Amino acid sequence: MINEVQRLLYKEFLLESRQKQSINGIVLYLVSTIFVCKMCFRSLPQPAAWNALFWIILLFASVNAVSKSFMQDSKARFIYLYSLASPEAVIVAKIIYNTLLMLLLSLIGFGIYVVLLGGNPIQNIPLFVADALLGSMGFSAILTTMSAIASRTNNSFTLMAVLSFPLLLPLLMTIIKISKNAIDGLDTSISYKYLLIVLAINVITGVLSYLLFPYLWKD
Amino acid sequence: MSLPGFSVIYYFLIFGRTKTRMNIQKNWWKLLAAVLLFYTVILGFLGPVPAREILNETIRNLYFHVPMWFGMMTLLAISVVYGIKHLNKNEMRYDIIAREAAHTGVAMGILGLITGSLWARYTWGTWWTSDTKLNGAAITMLIYFAYFILRGSVEDEQKRARLAAVYSLFAFVMMIVFIMILPRMEDSLHPGNGGNPGFSKYDLSSQMRLVFYPAVLGWVLLGVWIMNVRIRLALLEEQMHNKESSWNDILDKH
């Protein structure tokens, strides 16, 4: 199982390194979105709005980035893949890969965001990092499974957004809350209960994805 | 007219005109639902309630607004359970039950939103306010609308049933997070959340409990009854469809 996951992850990285345009496309999407926000808002003095906008931009970028994880491959390649690996290994590998992708996106996004829209010094950096890490995991677990569902339907791109946005909302609201606390420099102990919620959502959605994915891929 | 009188009339309105007798042993709960709802409506509007500031007579909405959510939760739970059953056994009958339970549950949820909105207008002074509990309820409806859109965009029956079952599990879990967990963590105007007292605090003399508990049971049973009728109708339609297609097959052959 672990061996399989490792090999699948290696395959994902290999594919990504060969088709650099897809990851470059997502980064460009992020940059353009932030630039649009920069042109529209000029500056965002209030920390609350600054914080919310950052996560909303990341939400849209991540839906775009993850939605391709099951839509881009051809049907024949899927069948080949599934004859080689177990479905559990496939979903675990995809979730891990997407978590890393989301972490990379949030890092790049944060850099560009601070440069373009002006910095808002984050006073509790460890909390913010923990928030981004947990958030990436949760986003990746929900979005990967929703992408698997949406890729099986007729209008997959619309459905991807419709299915995942309302499901992501509890996670998104909690993440925004934590990162607001991090910006305000509140003590980490105040955010423990929110971190616990995010962790709980991650565990639940991760387990659900792992258990339910075998039903999604067999046609 | 007294309460038993109403129930008897109701009984004959529903069961009296058909030739077949109602099987009491099988359908006693439908009768119970009717009796409980008559009791709820009559005592709910006429019975004594504690006089409270701001709430005044709107406190009677407790018998209508809160049971709607109980009904919705019950029906959506049924929907999820039958979704899982479908994933295990792969029987289309379970998928139909899951679908109709979700339909009825969402209808009750919408009624819950409407009664809640009315109540908010006369106590908080606004139809809608950005509150964790209210938003959670609205987003739950969004999640289930997405569920119906998902069902609509898959043509293959087996695949549709499987995808819908998987999504409904996610939807149910997120609904629990949204209307049970998040509102308790943050500030909320809604009774029972964010440090606000629930209605058990207001009702010291337990007058309202005498109506509230039967009301919950009655509305839940009514929801299950509506679901039951819808499922039977859907199964009949399915049978008719199958007969028609097999009849067409025979016509094609000859």
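Quick note: the coordinates plus some simple rules give every number you see, no bench work behind them. All values reported here derive from a predicted model rather than from experimental measurement. Neighbour counts are summed over all protein chains in view; Cβ atoms, including those assigned to glycine, are modelled from backbone coordinates with ideal geometry.
Computed quantities for the displayed model
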read-out	value
Lysine pairs within chain B, Cα separation less than 28 Å, 8 or more sequence positions apart or different chains	12
Lysine pair number, Cα distance threshold 19 Å (strictly under), segment A:2-217, separation 8 or more or different chains	10
Candidates A:Ser136, A:Ser83, A:Ser43: whichever shows maximal mean-square fluctuation once chain A is modelled as a Gaussian network with Cα springs under 10 Å	A:Ser83
With at most 16 other Cβ atoms within 10 Å, longest stretch of chain A clear of loop trypsin sites (Lys or Arg not before Pro) (DSSP)	A:43-217
Backbone N under 19 Å from the A:Glu4 label point (7 Å along Cα→Cβ), restricted to segment A:90-128	A:90-98
In nm, spacing of pseudo-spin labels at A:Met39 and B:Trp128 (7 Å Cα→C-beta vector)	3.1 nm
Shielding by other protein chains, A:207-216, mean Cβ within 10 Å	3
Gyration tensor verdict on segment A:1-104 (Cα atoms; rounded if a/c is under 1.5, prolate if a/b is larger than b/c, oblate otherwise)	prolate
Shielding by partners, peptide B:148-157 (average Cβ within 10 angstrom, other chains)	4
Cα pair count fraction exceeding 32 Å, expressed as % - the protein assembly as shown	51 percent
Computed [θ] at 222 nm, helices only, for the protein assembly as shown once each DSSP H run of length n ≥ 4 contributes -39500 (n - 2.57)	-27500 deg cm²/dmol
Cα shape, chain B, gyration tensor, a/c 1.5 rule	oblate
Segment B:125-154 versus segment A:60-89: alpha-carbon centroid distance in Å	29 Å
Derived scalar couplings ³J(HN,Hα) [segment B:130-139; Karplus, 6.51 cos²θ - 1.76 cosθ + 1.60; whole Hz; x for Gly, Pro]	6, 10, 4, 5, 5, 5, x, 5, 5, 6
Most positive-pole-ward Cα, A:Ser69, A:Trp55, A:Ile26, against dipole of segment A:13-100 from beta carbon charges	A:Ile26
In Hz, Karplus ³J(HN,Hα) per residue of segment B:224-230 (6.51, -1.76, 1.60; θ = phi - 60°; x = Gly, Pro)	5, 5, 4, 4, 4, 5, 4
Distance histogram in 5 Å bins (all Cα pairs of chain A, percent per bin)	1, 7, 14, 18, 19, 16, 12, 7, 4, 2, 0
Two-site FRET efficiency, A:Tyr29 against A:Val129, from Cβ-Cβ distance with R₀ of 30 Å, rounded to 0.05	0.80
Difference of contour (0.36 nm per residue) and Cα-Cα distance, B:Ile84 to B:Asn27	17.9 nm
Label-point separation, B:Ser206 to A:Thr188 (7 Å along Cα→Cβ), nm	5.0 nm
Projected label distance in nm at B:Glu238 and A:Lys11, using a 7 Å step from Cα toward the beta-carbon	3.6 nm
